[in-house]
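Chemist: Have a look at this one before I ask anything.
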Amino acid sequence: MNADLPAFDDLSLGLGGVPIAPPDFRSGFVGIIGRPNVGKSTLMNALVGQKIAITSPTAQTTRNRLKGILTTPEAQIIFVDTPGIHKPHHKLGEVLVKNAQMAIHAVDLLVFVVDASTELGGGDRFIADLLNQTDVPVILGLNKADQQAESDQAYDRGYLELAATRGWHTAKFSALTGAGLDSLQTQLIANLEEGPYYYPPDLITDQPERFIMGELIREQILHLTREEVPHSVAIAIEKVSEEEKITRVFATIHVERDSQKGIIIGKKGAMLKTIGTEARQQMQKLIEGKIDLQLFVKVQPKWRQSRTRLAELGYRVETE
C-alpha cells in the first residue's frame, strides 16, 4: 500500500475525479530496464509496496509493460516494468525486446538495473549503448547488494566507471531486503519535474485484476516446473464471476506441445492442483476475498511464432 497519502477529502478534484496536485508536486514515468533476471520486477514490487509483477528465478519472466504506481505526499511515480533485453529467438521474444526498447524513449527517467553480485558483462554494455540513443536521464541501479560477497564488491568499480563515462547517477540497493530503497526513491523524486497526478492516489497499477490473476498463475508454473516448461506458457482468463461470498475464476493455460500439457497436469492431476492452490492463495491476497479457481490446459502449437496467436493472447508491440 502507498503510505502517508493525503486523504481524498483534503485534495481538490479535477477531471475524472483525479486530484489537483499541490504546489511543488512532482510526477512522471520511470522506466525500469535491464538484462533478464536482474530483479526489475522485484524492485517495482518493493517500491510500490505490493506485489503486482510476478517474479521467478527463471530469466525473461516479464512479458508486458506493466505500470506500478507509487504516490507519496510529494510525488507520484509511475514505474514501467519492461521485459529483460536479450537476443530474441522467436516472434514473442522479438515483441518483448521491441517493447522494452520503445519504453526507453517513452518515459521521463530510466533506472538501468544491473546485478551487482556479478561482473559487468556484454549484455549490460549492449543496453548502455542503447541508452546512448536517448536524452532521458538515467540512474544506474546496482541491485542484489545483499548477495555480494566481500570479494564481489570489486565488481562495483566496472559499473561505476560505466556510469561516470555517461554522466549517470548511481544507486546501490537490495530490492529483496529493501536496503537502500529509501535513498533510491529520494533520487527518483529529485529527478522528476513538477507535474500532476496521473492516477488517483490509492491506485497501485493500471492493469485490471484479470491481467494480474493470469500473471499469478503463470508465476506458479515458472516456479513449479522450472526448465521443463520454460516460456511456452500463456494464460487466458476466460471468465470471472463475482458472487456474494466467493469469486469464481476460470482460466486456460496454453502450451505448445502435448508433452508440456502432461507436465503441467502431472500424475493424476497433482501438478495442476498444486499450481491452482498456490495461485489461488496469491489471488485471494489480491482481491482480499475467497477465490474458486478452475484451470484448464490447451495445446496451441507454436503460438510464440504466430503473430495472430500472440495478438489473441495479448502480446502486441506497444505503440506508446
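Chemist: Multiply the residue separation of K239 and I20 by 0.36 nm, subtract the distance between their alpha-carbon atoms, and state the gained length in nm to one decimal. Spell out each step's value before the answer.
Modeler: Working: separation 219, 0.36 × 219 = 78.84 nm, distance 3.65 nm.
Fully extending the segment from K239 to I20 adds 75.2 nm.
Chemist: Sticking with this one: Using θ = phi - 60° and the Karplus curve 6.51 cos²θ - 1.76 cosθ + 1.60, what whole-Hz ³J(HN,Hα) does each residue of the range 239-245 get, with Gly and Pro shown as x?
Modeler: Coupling constants for the range 239-245: 7, 10, 10, 8, 10, 4, 10 Hz.
Chemist: Based on the mean of other beta carbon atoms within 10 Å per residue, what is the order of 195-206, 241-252, 23-34, 110-121, most packed first?
Modeler: In decreasing order of mean packing, 195-206, 241-252, 23-34, 110-121 become 110-121, 23-34, 195-206, 241-252.
Chemist: Continuing with this model, one more query. Could you estimate the translational diffusion coefficient of the range 115-242 from the Stokes-Einstein equation, with Rh from the Kirkwood formula over C-alpha pairs, at 4 °C and 1.567 mPa s, in whole µm²/s?
Modeler: 71
Chemist: In addition: Among 283-293, 137-147, how do they line up from the highest to the lowest mean number of other beta-carbon atoms within 10 Å? Intermediate results must be reported in sequence, preceding the final value.
Modeler: Values: 283-293: 14.5, 137-147: 21.0.
Final packing ranking: 137-147, 283-293.
Chemist: So, in nm, how far is label R166 from label E150 when the simple model puts each one 7 Å beyond its Cα toward the Cβ?
Modeler: Going from the R166 label point to the E150 one covers 3.2 nm.
Chemist: Tell me, what HN-Hα J-couplings in whole Hz come from the Karplus equation 6.51 cos²θ - 1.76 cosθ + 1.60 at θ = phi - 60° for each residue of the range 201-218, using x for Gly and Pro?
Modeler: Values per residue, Gly and Pro as x: x, 8, 8, 10, 7, 8, 8, x, 4, 4, 4, 4, 4, x, 5, 5, 5, 5 Hz.
Chemist: Let me ask another. How long is the gain from I246 to K268 if the chain were fully straight, where each residue apart is worth 0.36 nm and the alpha carbon distance is subtracted? Before the final figure, lay out the partial values.
Modeler: Numbers: separation 22, 0.36 × 22 = 7.92 nm, distance 2.69 nm.
Extra length from I246 to K268 when fully extended: 5.2 nm.
Chemist: Taking 22 Å as the cut-off for C-alpha to C-alpha distance, list the pairs among K40/K298; K67/K302; K273/K298; K239/K290; K67/K285; K267/K298 that go past it. Before the final figure, lay out each step's value.
Modeler: Working: K40/K298 30 Å; K67/K302 29 Å; K273/K298 16 Å; K239/K290 16 Å; K67/K285 19 Å; K267/K298 17 Å.
Distance filter (> 22 Å) returns K40/K298; K67/K302.
Chemist: Can you give the extra length, in nm with one decimal, that the chain gains between L130 and E193 once fully stretched, where that is 0.36 nm per residue apart less the Cα-Cα distance?
Modeler: This chain segment gains 20.3 nm when fully extended.
Chemist: Expressed as a fraction of 2.2 N^0.38 Å, the rule-of-thumb size for a compact globular protein of N residues, what is the C-alpha radius of gyration of the range 209-312?
Modeler: Rg over 2.2 N^0.38 Å, computed on Cα atoms: 1.05.
Throughout, read-outs are computed from the coordinates displayed, never taken from laboratory work. Worth saying up front: this structure is predicted, and the values here are computed from it rather than measured. A quick note on method: Cβ atoms are made from the backbone with ideal geometry, for glycine too, and the neighbour counts reach across all protein chains shown.
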